[in-house]
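Novice: Dropping a structure here in structure tokens format, bear with me for questions.
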Amino acid sequence: QVQLVESGGGLVQAGGSLRLSCTASESIFSFNAMVWYRQAPGKQREWVAVLTRAGNTNYADSVKGRFTISRDNAKNTVYLQMNSLKPEDTAVYYCSVMVEQNAVWGQGTQVTVSS
């Protein structure tokens with residue numbers, strides 16, 4: 001069974017940076033895409049960024065130009081580099097993949113941006 005483990009969250013001041021990691025229990029080429037989501041308190045989970053097997057990326061408008069998704073195939077890891085962080089970026093960040101039409105989620109990592 002596929003497992004995903006996120007790390008790298010923390011407390012940062014507005015304008016700062018963090019890099020999140022999502023490590024899979026198998027080769028990330030097993031998946032058509034790896035996706036980052038986030039969920040702020042009292043809000044629905046929202047899509048943040050996607051990286052496809054072919055290497056294509058896409059971002060939510062709210063993070064475009066500030067966040068970058070990338071991967072290290074040898075480490076089975078996908079990263080989310082977050083720059084110019086804003087208080088509204090505060091959320092639990094999750095990575096997810098689809099396995100046989102079922103979504104697999106990591107446990108999440110908390111990102112808190114202070115103003």
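Novice: Only residues in the range 23-41 that are basic (Lys, Arg) count as the first member; pair them with residues that are assigned to a strand (DSSP E or B), Cβ under 8 angstrom, at least 6 apart or cross-chain, and list the lot.
Specialist: ARG38/GLU46; ARG38/VAL48; ARG38/ALA91; ARG38/VAL92; ARG38/TYR93; ARG38/TYR94; ARG38/VAL111
Novice: Looking at the range 51-71 only, could you name the residues that are part of a loop (DSSP other than H, G, I, E, B) and surrounded by 13 or more Cβ atoms within 10 Å (Cβ to Cβ)? Before the answer, list the steps.
Specialist: Start the filter on the range 51-71 by keeping residues that are part of a loop (DSSP other than H, G, I, E, B), which leaves 53-56, 60-66.
Correct list: ARG53, ALA60, SER62, VAL63, ARG66.
Novice: Applying the selection to the range 72-89, what residues are out of contact with any Phe, Trp or Tyr (no Cβ under 6 Å at 6 or more places or on another chain) and open to solvent by less than 30 Å² (accessible area, probe 1.4 Å)?
Specialist: THR77, VAL78, TYR79, LEU85, ASP89, listed by residue number.
Novice: Continuing with the same structure: Which ones in the range 98-115 are modelled with pLDDT of 95 or more and either buried (at least 18 other Cβ atoms within 10 Å of the Cβ) or in a loop (DSSP other than H, G, I, E, B) (or both)?
Specialist: Result: GLY106, GLN107, GLY108, THR109, VAL111, VAL113.
Novice: So which pairs qualify, if the first residue must be in the range 70-99 and more than 18 Å from ALA24 (Cβ to Cβ), the second must be open to solvent by less than 30 Å² (accessible area, probe 1.4 Å) and assigned to a helix (DSSP H, G or I), the Cβ gap must be under 8 Å, and the two must be at least 6 apart or on different chains?
Specialist: MET82/ASP89
The values are calculated or read from the model by the stated rules, or taken from the named source; none is laboratory data. In this text the structure is predicted, and so the values were computed from the model without any measurement. Don't worry about glycine lacking a Cβ; one is built from the backbone with ideal geometry, like all the others, and counts go over all protein chains shown. Keep in mind that these areas ignore ligands, DNA and RNA; they rest on the heavy atoms of the full protein, side chains included. Shrake-Rupley method; radii C 1.70, N 1.55, O 1.52, S 1.80 Å.
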